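J.: Here it is, the structure, as C-alpha cells.
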Amino acid sequence: MGDLSVNSSIFSSRNGSDPPSVPPSMSIDKLLPALLECFGIILCGYVAGRTNIIPATHAKGLGSFVSKFALPALLFKNMVLLDFADVIWPFFFSILVAKVTVFFFVCVLTLLVADRESRFSKAGLFSIFATQSNDFALGFPIVEALYRNTHPEYLQYIYLVAPVSLMVLNPLGFAFCEVQRRRTGEPQQQSKLQVLGLVLLQVVKNPIVFMVVIGVISHFLLGQKIPAFMEEFVDGLANSFGGAALFYLGLTMVGQLKKLTRSTVVALILLITAKLLVMPLICRGMVEVLDCGSRSSMNHTSLSNYAFLYGVFPTAPSVAIYASHYNMELEVVTSGMVIGTFLSAPIMYVSAWLLTIPWMDSDPLASALQHVSFNISIISLFALVWSVAVMLLSRKFHRIPHIFTINLFVAQLLACVGMIAWNFMAEQDNFLGQVLTFTLLYGSLYSTYIWPGLIALSLLLMRRREEVNFRPGLTVITGWGVPVLAVSVLLLTGQRLPNTIDSAFFYGKTQVTCTSVVLFVSIVLCGVSLTLLSRRTQDYHSLERGSLSDSEEDTHTEQPGAVGSINTDCLACEYACGHLQSVPDMTSTNEEASIQTGQCSQQCTSTSCLLVEEEQKVADRQNTDIQSTRHVLVCLLLTVSLLANLSSCLWWLFNKDPGRLYLELQFFCVVANFGQGLISFAFFGLDKHLIISPFKKRLVSLWQGWGQEVTGSAASEEIRLTCTQFLTYHKEQCVRDIAHKKRCGQSSTTEAFLGSDMVRWLQSVGLASDSGEALAYGWRLLEGGVIQHITLEHGFQDEALHYRFT
C-alpha cells in the first residue's frame, strides 16, 4: 500500500497499474432514446389522468388488462422460448439471495420500528415494495437498449428473475397482510391454517404466477416453440404490454404526492434507500461472491455491473394494487412508487454512462473529484453561515437538542473550510501545511459523522425522561473528542501516500479503515436510537391523545356546579377585560348565577382565557413535534449518507479492482459529505418566526394592497355575495353542526368553533370541493365580518384556532 496513490485507487486496479483497455460490455447509444421513450409514455399517461381525459375508473380497467392479460401472455411466451442452456445460474442465485436478504432486512426492521397496530401490514407491503422491480414495463426496454448488441442473452434474465418475487417473496408479504386483517378484528376469524391456505390460493389464482408455471411446463412439452396456430394470438397480447403498462404507470401517479404527510416521509426515505441504494449494492456484491469462479473475468465484471443496474430498477406499480386491495399503507406505497421511478432514471443513466465510457487516465478523474468537492463546499459554506446565524438569532441554541444541532452546523462549516483550504494545499510541496489542513478537514468531517448519532440519542433520552437531566457538556466533549482521537491515531500510525490530491486517501488503507470504524459506530448509534425513539414516540402519542381528550372535554363542556360557585376576583378580572356582558349578583342564589352566566361576545383580551390557553398549548405542542420531526429527518438523511460512505470504504477495501461504478459512488459520497449544509439549511435555515412569518405577512400586505387597487370593487362584491349567501341559506345549519358552547373563563362561555371544523363542514355540504376552496370561502366570511377569531389576531386558517359568529 505504500506506493498507492489515490489516482490509482479510484479508477485503477489495486496494484497501482491501469488495467488494459477493453471494449465496453454495453452500448449507450440507444439508452437515452429508450429512457425518453419510457418516461415520455409515462408523462402522456400522467397528463391524461391529470386533465381527466381518462378518469380513474377507466384507469382501473387498463390496469386489469395489463396485469391479467398482457403481462401473463408476455411471461408465457418468454418462458416457452427461454434457453436454459445459456443461463449463468450463479447470477440467478445471486439476485435471488439479494432479494431475499433485502426482503427480510426490511421486514425485520419494520416489525421493530412500526407501531403495534399496523406493523404486520407495513412489514408485508414495505418488503414487497423494496424487492419487486418494474422489470417488464421499464426494465426490459432499458436492458434491451444497453445489451442487445453485446450480451443479448442478458434479456432473458428479466423473465427468469422476475418470478422470484411473484412466486416466493410476495406470498410471504401477503401472509403478513392477512395476519394484520385478523388482528384488526374483522368478523370472520380464521385459523392459521386457513390463512396459509388463503394466501396459497391467491398466489395460484394470480394470472401472472399461473402463466409462468404453464409456460415452464410448455417449455419442455413443446420443445421451446409456440404452436403456429396460437403464436400470432400470444404475440398480439404480449406486444401490447409495453406501451399500455407505461401509460398505466403514468395514470397511477396522478395526485399521489398530495398524500404525503410528515409521518410517511420517514418511511419513504428508508424504503427508497433500500430500493435504490441497498438493493443494487447487495446485488452486485452477491454476484462478486457467488460468481467468483467465472471463466472470464470480463464476463464476471459485466455480470456484476448488470446486477447493479438491475437493482436500480424502480418499484412496480402492481405494489400499489396490492396496497389498495388490502387497504393498507396506500399513501406510502404510491408516493414512494412515484418518487422512486423518477429518481431511478438519472441513476441508471449515470451508471450506464460510466460503464460505457472509454478507460480514462486516473489523474483527470481525481482532479474532477477534487473540483466537485471544492464547488459544493463553497455553496454549502454560505448555507451553513446562514443556518448558524438563524440559530443564534432565534436563541434556540441553548436548548436541547438545538445545542447539539449547532455543533453539527459548526462541524459541517469547518469541514467545508477544510476542503476549500485543501484544494489550495493539496498540490503544494508543504508537508506541514497539508497535515494541518488534513487535521482540520478530517477532524471536522469525522465530527459530522458522529453528531447525527448523538442528536438521535439526545432525542431518545428527551422522550424517555420527558425532562433531560443529563449534562450536555459530556455529549459535546464526545462529539468533538472522538473525532480528534481518531485523527490523532491516524496521524501517529498512518503512512502518508505520495502524489495524493484526494484527502480521502491521504493515509491510504489505514485511513479508509479508520473511516469505516467511525462510520459503523455512528450508523449503529443513530439507527438504534431512531428505532427506540420511534417505538417510544408511538406510546407517548397514545397517552398524549388520551390526556388531550380529557383536557378538551373539561374545556369544552360547561359544568354547572363550577358556574354556581363563582370567584369574585375572577369575575372582576373578566369584567375588566370585556369578557362578560352581564355579571351575576353576588347575593343571588346558585340557580340565578347559573342563569346569569356571562356570555363572551367581544374581543378576548384576557390573558387567562381558557380558549386562548388551549390554542397556545396546541401551538406549542405542534412546534415541539415539528422540531423533533426535523431533527429525526436530518439524522435519517445524514445516516443514509453515512451508509453510502461506508459502502464506498468497504467496496474499496474488498475489491482489487473497484471499477467504474465505484467512481459514481465516490461522487455521491463527495456531494453527501460536503453538501450536508444544504440539508441543514433546508430544515433549519428558514425559521418560521424569524423569517417565514414576517416575510409572509409582508407579502400578504403587499398583495392585498395591490389587489385592492386593481380589483377592489370586484373583490368586495364577491365577499358581499358570499356573506349574503351564507347568512341566508347556511348559517343556521352551520351553527347547529359545528358551533358549541365552550368555556372561555371561570364563569363565561361562548359559542365557538375550530377553523379546521369549518373547513371540513364547507366541503361536506358542497360549498367547497377541497380544502383550498374552503379556506378561500372562510377568508371571505372573515373579511365580510360574518366570523372572527376570538382574539382577532389570526386570519382564517385550517388549524385548531377558535372562531365565532358575530
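The values are calculated or read from the model by the stated rules, or taken from the named source; none is laboratory data. Quantities reported herein were computed from a predicted structural model and do not represent experimental measurements. Every residue, glycine among them, receives a Cβ derived from its backbone with ideal geometry; neighbour counts consider all protein chains shown. We work out accessible area using only protein heavy atoms, side chains counted, and drop any ligands, DNA or RNA first. Shrake-Rupley method; radii C 1.70, N 1.55, O 1.52, S 1.80 Å.
J.: So what is the relative contact order for the range 395-520, in percent, with contacts set as C-alpha pairs under 8 Å and at least six apart?
T.: Worked out over the range 395-520, it gives 25 percent.
J.: Sequence gap of 8 or more, or different chains, plus Cα separation below 27 Å: how many lysine pairs satisfy both in the range 33-356?
T.: Lysine pairs meeting the criterion: 29.
J.: Taking R0 as 22 Å, what FRET efficiency do you get between Val476 and Thr510 from their Cβ-Cβ distance, rounded to the nearest 0.05?
T.: Taking R0 as 22 Å, the efficiency between Val476 and Thr510 is 0.20.
J.: Given the Cα-Cα distance of Leu727 and Trp779 and 0.36 nm per residue of separation, how much length would full extension add, in nm?
T.: Roughly 17.2 nm would be gained on extension.
J.: Starting from the Kirkwood Rh over alpha-carbon pairs, what translational D in µm² s⁻¹ does the range 715-805 have by Stokes-Einstein at 4 °C and 1.567 mPa s?
T.: 98
J.: What is the sum of charges, Lys and Arg at +1 and Asp and Glu at -1, for the other residues whose Cβ falls under 15 Å from the Cβ of Gly785?
T.: +2
J.: Once each part is reduced to its C-alpha centroid, what is the distance from the range 98-127 to the range 196-254 in angstrom?
T.: 29
J.: When you count, for each residue, the other Cβ atoms within 10 Å and take the mean per peptide, how do 483-491, 278-286 rank with the highest first?
T.: 278-286, 483-491
J.: Arrange the peptides 307-313, 666-672 so that the one whose residues have, on average, the most other Cβ atoms within 10 Å appears first.
T.: Descending mean neighbour count gives 307-313, 666-672.
J.: In addition: Cα centroid distance between the range 33-53 and the range 753-806, in Å?
T.: 38
J.: Oh, and also: Using mean Cβ contacts within 10 Å as the protection proxy, how do 147-155, 415-423, 340-348 order, highest first?
T.: Listed from highest to lowest mean packing, they are 415-423, 340-348, 147-155.
J.: Among residues other than Leu354 whose Cβ falls under 12 Å from its Cβ, what is the net charge (Lys/Arg +1, Asp/Glu -1)?
T.: 0
J.: Also, quick follow-up: Would you mind calculating the relative contact order of the range 715-805 from Cα pairs under 8 angstrom and at least 6 residues apart, reporting the percent as a whole number?
T.: After rounding, I find 31 percent.
J.: Turning to a different aspect of this structure: Tell me, in nm to one decimal, what length is gained between Lys741 and Leu792 on full extension, where the rule is 0.36 nm per residue of separation less the Cα-Cα distance?
T.: 16.5 nm
J.: Accessible surface of Ile378 in the full protein assembly, 1.4 angstrom probe, to the nearest 10 Å²?
T.: Approximately 60 Å² of Ile378 is accessible to the 1.4 Å probe.
J.: Now, a different point. Step through the residues of the range 142-148 one at a time and calculate ³J(HN,Hα) from phi using the Karplus curve (6.51 cos²θ - 1.76 cosθ + 1.60, θ = phi - 60°), rounding each to whole Hz and writing x for Gly and Pro.
T.: Listing the rounded values in order: 6, 4, 5, 5, 7, 10, 4 Hz.
J.: So for the range 33-356, averaging the separation of alpha carbon pairs under 8 Å that are six or more residues apart and normalising by length, what relative contact order in percent results?
T.: Normalised by residue count, the contact order of the range 33-356 is 32 percent.
J.: Within 11 Å, Cβ to Cβ, of Gly124, how many net charges do the neighbouring residues add up to if Lys/Arg are +1 and Asp/Glu are -1?
T.: Here the count lands on +1.
J.: Ordering Leu112, Leu414 by accessible area with a probe of 1.4 Å, largest first, what comes out?
T.: Result of the area sort, largest leading: Leu112, Leu414.
J.: If R0 is 22 Å, what FRET efficiency do you get for His325 and Val213 from their C-beta distance, rounded to 0.05?
T.: Approximately 0.50, to the nearest 0.05.
J.: Heavy atoms only, probe 1.4 angstrom, no DNA, RNA or ligands counted: give me His58, His740 ranked by accessible area, highest first.
T.: Order by accessible area, largest first: His58, His740.
J.: Under a 1.4 angstrom probe, counting protein chains only, how are Ile321, Ile226 ranked by accessible area, largest first?
T.: Ile321, Ile226
J.: Shifting gears a bit: Figure the gain on full extension for Ala389 and Trp353 (residue separation times 0.36 nm, minus the Cα-Cα span) and round it to one decimal in nm.
T.: Once the chain is fully extended between Ala389 and Trp353, it gains 8.8 nm.
J.: Would you please give the FRET efficiency between Val204 and Val47, computed as 1/(1 + (r/R0)^6) with r the Cβ-Cβ distance and R0 = 56 Å, to the nearest 0.05?
T.: 0.90
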